[in-house]
């Protein structure tokens, strides 16, 4: 298999998980009502059915969630042969019953292989004490090995609140006799999110600006839809091995730029 760095990376060995490989203490976050969407690219053309899905706890206790949690199984986590190769794809969405709170990883088994997700932390995000921003993003076309056909969209929960904004003034005009005469001024208002993420989620988000459909929901439920190309991620600050501090900056479509012109 090939690891696809989408909302929830999977590996063919537990030793490749961020928690094991880099001792990262930051997991992939999700609410108790749903799991992050994910893609797994297989190295074979064989389409095989997932036979079991288990949550594995920090102490190694396995909870079988194969039945009762997904509204349609095995079609909810389907293996499909495409022109890009064979993929196991899970589109996310509300589960039939809530996941137990705590830290786990997913263990997917099919007839000839087992796959292991990065560690996830399941939260009660309906609690006022839990503050998360959510980013849902997809693209009209596939991006590298990211296959967006079949209604796939990524969804990432960030342990953060909407941070302090900034702005930029763009002025057009000319200078006459040492005095600048403004003909047009546009004020641009920029939002930001500052958060800490593991290496796998950083690799997921680094391609965010290449997507043409992005919806950001802040900690109080307000939504923002940046124009294409109007979301950026600053180069990361690696505060610890495997833990990145990232700054995401974005506009809010037509609610962002306000112009003034002379007549």
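The values are calculated or read from the model by the stated rules, or taken from the named source; none is laboratory data. Predicted model only: the values in this text are computed from it and were never measured. Heads up, the Cβs are rebuilt from the backbone with ideal geometry, glycines too, and the neighbour counts pull from every protein chain shown.
With respect to the numbered conditions (1) surrounded by 18 or more Cβ atoms within 10 Å (Cβ to Cβ); (2) more than 20 Å from the chain's Cα centre (by Cα); (3) within 25 Å of residue 138 (Cα to Cα), which one is the sole condition not fulfilled by residue 110?
For residue 110, the exception is condition (3).
Looking only at the range 218-229, how many residues end up being over 15 Å from the mean Cα position of the chain (by Cα) and buried (at least 17 other Cβ atoms within 10 Å of the Cβ)?
Adding up the residues that qualify gives 3.
Quick check on the range 42-52. Is at least one of its residues more than 29 Å from residue 81 (Cα to Cα) and surrounded by fewer than 15 Cβ atoms within 10 Å (Cβ to Cβ)?
no
Any idea which of 215, 232 is within 21 Å of residue 257 (Cβ to Cβ), modelled with pLDDT of 95 or more and surrounded by fewer than 18 Cβ atoms within 10 Å (Cβ to Cβ)?
Every option except 215 fails the conditions.
Name the residues in the range 213-241 that are touching a helix residue (DSSP H, G or I) at 6+ places or on another chain (Cβ under 8 Å) and outside any loop (DSSP other than H, G, I, E, B), would you?
Passing the criteria: 214, 224, 231, 232, 233.
How many residues are surrounded by 21 or more Cβ atoms within 10 Å (Cβ to Cβ) and in contact (Cβ under 8 Å) with a residue 60 or more places away in the chain when one looks only at the range 89-107?
Summing the residues that are surrounded by 21 or more Cβ atoms within 10 Å (Cβ to Cβ) and in contact (Cβ under 8 Å) with a residue 60 or more places away in the chain in the range 89-107 gives 3.
Can you pull out every residue in the range 12-27 that is buried (at least 21 other Cβ atoms within 10 Å of the Cβ) and closer than 20 Å to residue 109 by Cβ?
Within the range 12-27, just 17 meets the criteria.
Which pairs do you get when a residue that is closer than 15 Å to residue 242 by Cα, found in the range 181-205, comes within reach of a residue that is crowded, with 17+ Cβ neighbours inside 10 Å and modelled with pLDDT under 85, reach meaning Cβ atoms under 8 angstrom, with the pair 6+ apart or on two chains?
Between residues of the range 181-205 that are closer than 15 Å to residue 242 by Cα and residues that are crowded, with 17+ Cβ neighbours inside 10 Å and modelled with pLDDT under 85, the close pairs are 198/24; 199/24.
Kindly establish whether residue 136 is under 16 Å from the mean Cα position of the chain (by Cα), assigned by TED's automatic domain parsing to the domain that holds residue 106, in a strand (DSSP E or B) and in contact (Cβ under 8 Å) with a residue 24 or more places away in the chain.
yes
Among the candidates 26, 50, which residue alone is modelled with pLDDT under 90 and in the same structural domain as residue 119 (by TED's automatic domain parsing)?
From the options 26, 50, the qualifying one is 50.
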